[in-house]
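Step one of this worksheet: look at the structure below.
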Amino acid sequence: MMKPITMDIYQIIGFVGMLFIVYAYFLLQTKKTDFDSSLYQYLNLIGAILLTISLLVHFNLGSLLIEIFWIAITLYGILRKKRA
């Protein structure tokens, strides 16, 4: 018999963050948005922040570093768009 899957609040936060990033990528691939849109940028930013929160509790160095870079690159894209 399988054990039920239990998730603490930080795992749920990370899961929601993953959904934001996957949804942004889905919208991009289905041409519902483009990489320069505010929707795409903010979905990525919020998703990466949520994943980072999760990773601060359930630590994984590689994943934490990629999320930090993801946030930094997304913020660069948002600021670049605002200056244009």
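Quick notes on this structure:
- Segment 1-32, residues that are surrounded by 12 or more Cβ atoms within 10 Å (Cβ to Cβ), closer than 20 Å to residue 43 by Cβ and either of a type in the set (Ser, Thr, Tyr) or in contact with a Cys (Cβ under 6 Å, 6 or more places away or on another chain) (or both): 23, 25
- Note on segment 4-57: residues that are of a type in the set (A, V, I, L, M, F, W, C) and under 17 Å from residue 68 (Cβ atoms) total 14.
- Residues of segment 57-84 satisfying the condition of being hydrophobic (A, V, I, L, M, F, W, C) and in contact (Cβ under 8 Å) with a residue 24 or more places away in the chain: 57, 70, 71, 75, 78
Since every read-out is calculated from the coordinates, none of them should be taken as a lab result. Everything numeric here is computed off the predicted structure, so don't read it as measured data. In this analysis, Cβ positions are derived from the backbone assuming ideal geometry, glycine residues included, and neighbour counts consider all displayed protein chains.
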